[in-house]
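**Q** The structure's right below; bear with me while I get my questions together.
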Amino acid sequence: MNAALAIIALFFVVAVALALLARRGHEMSLEQWSLGGRGFGAIFVFLLMAGEIYTTFTFLGGSGWAYGRGAPALYILCYAAVAYCMSYFLLPAIWRFARERRLVSQADFFVEKYESRALGVLVAAVSVAALVPYLVLQLKGLGIIVSEASYGSVRPAAAVWAGAIGLIVYVVISGVRGSAWTAALKDIMIFGVAVGIGIYLPLHYYGSYGEMFARIEAAKPGFFTLPDRGSSPAWFISTVLLSGLGFYMWPQYFASVYTAKSEDVFRKNAMVLPLYQLVVLFVFFTGFAAVLVVPGLTGTDADLSLLRISRETFSAPMLGLIGAAGLLTALVPGSMILISAATILAQNVFRPLTKGMNDRQVSVLARALVPAIALVAVLLTLRGGSAIVNLLLMGYNLVTQLFPAVILSLGRRRVATAAGAFAGIVAGEATVAYISFSGTSLASLLPGAPEAVKDLNVGIVALIVNVAVFALVTLATRGRTVSRPAGDIVAMPAADVDR
Amino acid sequence: MATPTEPRTLPLRFRAYHWLALVPPIGMLGGVPFANRVHTLVLGLPFLLLWIVVWVVLAAGCMVLLYALDHRAAPDERSRE
């Protein structure tokens, strides 16, 4: 075993141990397991929310985009900032309702707001369709990181299995408390390691940041500006807006809102998170530094740029620390995804199917589902073909389709009907699926349109279809909901809530 | 500045300065087409990169300002634990 692998293994053991310790003194009811008993203060909520900024996608993909594409990578820095500005108002509103109704999952929010269990099942299906590929992405990243950082001495498949088993153990036992505690370790590592190498590498190879940018610009003119076509400013702005709207629609982050003990937690976080996400900048710096140091990585290999330049530069123990940081960026979001997917399946799919399950049984079922979901993800990671890649690309667009139904439900008066929300989401998701699998773009839809329109992110089409159908069906069904207070056409009896 | 006609169900009422939250997204994204035309390095950084980083910092600043204003407007509303 080399030094790098030993360090990675050590951090893995520490992370799992920390997560197991997190359980101490807490009875694991469903509310404790998936929401930490709704008692998290600003720091724990910060740790969970910072999880989204630092997944393996940011670690490998952020540096990979910076390395392979240059300026378009900056969208990653922008969309979170947009989401945080929105979070100041959005999250307290979601939190208040969730607390009042004791919601456990994101799908619960829809069930209660629209008084429709059918809508809950639909949202649950969307959630799982987006979450499983996202978990696969984390596991794939974990495999790559451990394999590269151990100089190839561990095969990716072995790393994926080990990572998944560790995840299962700590998620089943400690739930979201385990995620929060390991997130603390992760953030320390990210600050020390990702920021550290982002500062060091440009200085080491180029002498100064200015020199690095000047030399890359000389070698690749226009690398640091958006191109006129393709990833143009129109693409950039539309992608940032779509991703910003979808940011909190991910089920695991939506549910992490429920863990807070007060709504002030979110306003405090809105002040800190924009600054915290500047750590992504240093991941970009690493990717930029790699452009002239380890040239020639093309396509998906660009995602290896951070690890390759680290291998070129550092000794084995330092590479081990980088690998450990990368491992944690997979474990923390991975654990939140597992908890979310299991909670949603138990609470919003199985519970309505089998009448009379109590909270305790749902809790047991949710934890029993964790290994099953993890196994599916491992198999897809190891055997998955191109379909899974399509699902991954769809993920953000899938969850963004939930945004109109959430926003329209927050007002004091109910403006939208359950049937409208249901139809809007179905139409939006169907459009996303069609667009993704057929490879449609706005350029192919509107060949005669100006360049700026052609470059718009095609996800906008799905959102427009969603809102249009939502509005039409709402208008058509509105009178009926008012005259039938117990529920509308897709609603189950409102009295079914046994929480 | 607070209008007492609003129902008490919403712990934080909408106030005119809440529009402040729209400033960072609009400023940051609205400026992208223009910032993108600058091809020289400014302070050793590509201008688009610098533009975005400055706006991310300003976004945090706007949130701090909002928080402070909300706190002043209704100190009782924000610390209900």
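The values are calculated or read from the model by the stated rules, or taken from the named source; none is laboratory data. Given the structure is predicted, the values throughout are model-derived calculations rather than measurements. Glycine gets a Cβ as well: all are built from the backbone with ideal geometry, and neighbour counts include every protein chain shown. Each accessible area value is taken on the protein alone, full model and side chains, heavy atoms only, with ligands, DNA and RNA left out. Shrake-Rupley method; radii C 1.70, N 1.55, O 1.52, S 1.80 Å.
**Q** May I have the count of lysine pairs in chain A with C-alpha atoms under 26 Å apart, counting pairs 8 or more residues apart or located on different chains?
**A** Summing the qualifying lysine pairs gives 6.
**Q** Still on this structure, please answer the following. Heavy atoms only, 1.4 Å probe, whole protein assembly: order A:HIS26, B:HIS18, B:HIS71 by accessible area, highest first.
**A** Largest accessible area first, the list is B:HIS71, A:HIS26, B:HIS18.
**Q** Moving on to the next point. Compute the Cα gyration tensor for segment A:189-330, then decide on rounded, prolate or oblate, letting a ≥ b ≥ c be the square roots of its eigenvalues: rounded whenever a/c is under 1.5, prolate when a/b is larger than b/c in the other cases, and oblate in all that remain.
**A** Details: a/c = 2.11, a/b = 1.36, b/c = 1.55.
Taking the square roots of the gyration eigenvalues as a ≥ b ≥ c, segment A:189-330 is oblate.
**Q** Give me the summed buried accessible area for the B-A pair, 1.4 Å probe, to the nearest 100 Å². Could you put the intermediate results ahead of the total?
**A** Values: alone 6220 and 19250 Å², together 22070 Å².
Summing both chains' loss of accessible area gives about 3400 Å².
**Q** To continue, here is another question. How much accessible surface area, in Å² rounded to 10, belongs to the heavy atoms of A:VAL176 with a 1.4 Å probe?
**A** 10 Å²
**Q** Given a 1.4 Å probe and every protein chain left where it sits, what share in percent of the accessible area of segment A:3-385 is carbon and sulfur? Kindly include the intermediate steps, with their values, before the conclusion.
**A** Working: 7640 of 11730 Å².
Of all accessible area on segment A:3-385, carbon and sulfur atoms account for 65 percent.
**Q** Further question: With a 1.4 Å probe and every protein chain left in place, tell me how much accessible area A:LYS186 has, in Å² to the nearest 10.
**A** Its heavy atoms expose roughly 0 Å² to the probe.
**Q** Classify segment A:283-334: rounded, prolate or oblate, from the alpha-carbon gyration tensor (a ≥ b ≥ c, eigenvalue square roots; a/c under 1.5 rounded; otherwise prolate if a/b is larger than b/c)?
**A** Oblate is the answer for segment A:283-334, as a/c is 1.5 or above yet b/c matches or exceeds a/b.
**Q** Quick one: angle between helix A:264-276 and the longest Cα principal axis of chain A, in degrees between 0 and 90, rounded to 10, please.
**A** Helix A:264-276 and the main axis of chain A meet at about 20 degrees.
**Q** Helix A:209-219 versus the longest principal axis of chain A: what is the Cα-based angle in degrees, 0 to 90, to the nearest 10?
**A** The angle comes out at about 90 degrees.
**Q** Output the 0 to 90 degree angle, nearest 10, between the alpha-carbon long axis of helix A:3-21 and the longest principal axis computed from the alpha carbons of chain A.
**A** Between the helix axis and the principal axis of chain A, the angle is about 20 degrees.
**Q** With the Cα gyration tensor of chain A giving a ≥ b ≥ c as the square roots of its eigenvalues, does the rule (a/c under 1.5 for rounded; else a/b larger than b/c for prolate; else oblate) give rounded, prolate or oblate?
**A** Here chain A falls in the oblate category.
**Q** Further question: Keeping all protein chains in place, calculate the accessible area per residue for chain A (probe 1.4 angstrom), answer in Å².
**A** That works out to 35 Å² for each residue.
**Q** Ratio of Rg to Rh for segment B:18-73, alpha carbon only, Kirkwood? Intermediate values should be presented prior to the final figure.
**A** On the way: Rg = 13.7 Å, Rh = 12.3 Å.
We get a ratio of 1.12 for segment B:18-73.
**Q** Can you give the relative contact order of chain A as a percent, counting alpha carbon pairs under 8 Å and 6+ residues apart? Write out the running numbers ahead of the final one.
**A** Working: 758 pairs, mean separation 150.7, N = 499.
Once divided by the residue count of chain A, the mean separation gives 30 percent.
**Q** Rank A:TRP161, A:TRP65 by accessible area, highest first, at a 1.4 Å probe radius?
**A** Accessible-area ranking of A:TRP161, A:TRP65, largest first: A:TRP161, A:TRP65.
**Q** Sticking with this structure for a sec: Could you give the dipole magnitude of chain A about its Cα centre, charging the beta-carbon of Lys and Arg +1 and that of Asp and Glu -1, in debye to the nearest 20? If you can, show how the numbers build up before the last one.
**A** Values: 35 positive and 24 negative charges, 217 e Å.
Its charge dipole is roughly 1040 debye.
**Q** How large is the helix-only mean residue ellipticity at 222 nm for the protein assembly as shown, computed as the sum of -39500 (n - 2.57) over DSSP H runs with n ≥ 4, divided by its residue count, in deg cm²/dmol to the nearest 500? Spell out each step's value before the answer.
**A** Working: 27 runs with 400 residues, N = 580.
Result for the protein assembly as shown, helices only: -22500 deg cm²/dmol.
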